[in-house]
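Encoded as structure tokens, the structure appears first; notes follow it.
Each reported figure results from applying straightforward, stated rules to the coordinates on display, with no laboratory input. Only a predicted model underlies this, so the values are computations on that prediction, with no experimental measurement involved. Reconstructed Cβ throughout: ideal geometry from the backbone, glycine too, with neighbour counts over all protein chains shown.
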């Protein structure tokens, strides 16, 4: 029998070729009755699990689901049978193979049964994706251990050193001790930034609707602004991880205040944060698909705009060179984009943001 298009012309795909397509499909089609008993497996079962095509027919699907995944997988199928509006239900689980091992798969079934009352389930191999998840979990565990070393094994002795140094400075003031104090501050800043990278990296937590204007004002209050002024004209709410969005704004504000001096670049590098001939104004505003943070400071040369997001890059002698890298990671973790555009000073535009 040959299929036809709507206009009555013959279709190149007939029932015979449909059977052939099933033979070459990398996805497995399984037909189950309402109890979960297997009625049919497409030829892909041989490639996926190593069973002969009809070998599992008549068996219950639960016999091949890993015991740890069985309850939730069967519950998903029962929801399909109980539903009558055609909702598609999917589940990830481990399926037994002919070799006795288990393979991670994802199965999806529609609540629209066949005329005979059977349910068609489409299954695909997701073992590679699961392996990537496990690798990421192990990486995160190592990063957590590294963060623990930073926050305890390094910060505790640093605190002791700072306290001892203060006592020594009270008894014997010296420019040499001032230099040691500056070094301690730099170590503390490095620990803070590296800790942020290690704990968060390119991940974000649960997102929620965040009102931008009040968040921006709160972030500004937490940043030492010397003689700097904030103009906030941003509006609306966005879906974001609130804590990481706060970190983004705070890092951009610190960058503007510390690097936006109206003095020369060399003088800025020698006197971080010293604005000797005028304060810096920071503007935060809305874009059609995002927002921007802009200052009227010295700006960033065009040939350095890509480099500022690299690890260790800093225009300040005592900078960590990690602040903007953290900003970039937060942006990318949300699926947004960031770029530095031509402006009077430095202007960072974050786009791809859906504003409510």
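Counting neighbouring Cβ atoms within 10 Å and putting the fewest first, the residues 32, 252 line up as 32, 252.
Order 228-237, 151-160 from most to least packed using the mean count of other Cβ atoms within 10 Å.
On the way: 228-237: 15.6, 151-160: 12.1.
By packing density, highest mean first, the sequence is 228-237, 151-160.
Ordered by the count of other Cβ atoms within 10 Å of each Cβ, fewest first, 64, 119 give 64, 119.
For the stretch 19-153, count the residues as N, evaluate 2.2 N^0.38 Å, and divide the Cα radius of gyration by that value, please.
Details: Rg = 18.3 Å, N = 135, 2.2 N^0.38 = 14.2 Å.
Taking the Cα Rg and dividing by 2.2 N^0.38 Å, one obtains 1.29.
Each of 258, 92 was scored by other Cβ atoms within 10 Å of its Cβ. Arranged with the fewest first, they read 92, 258.
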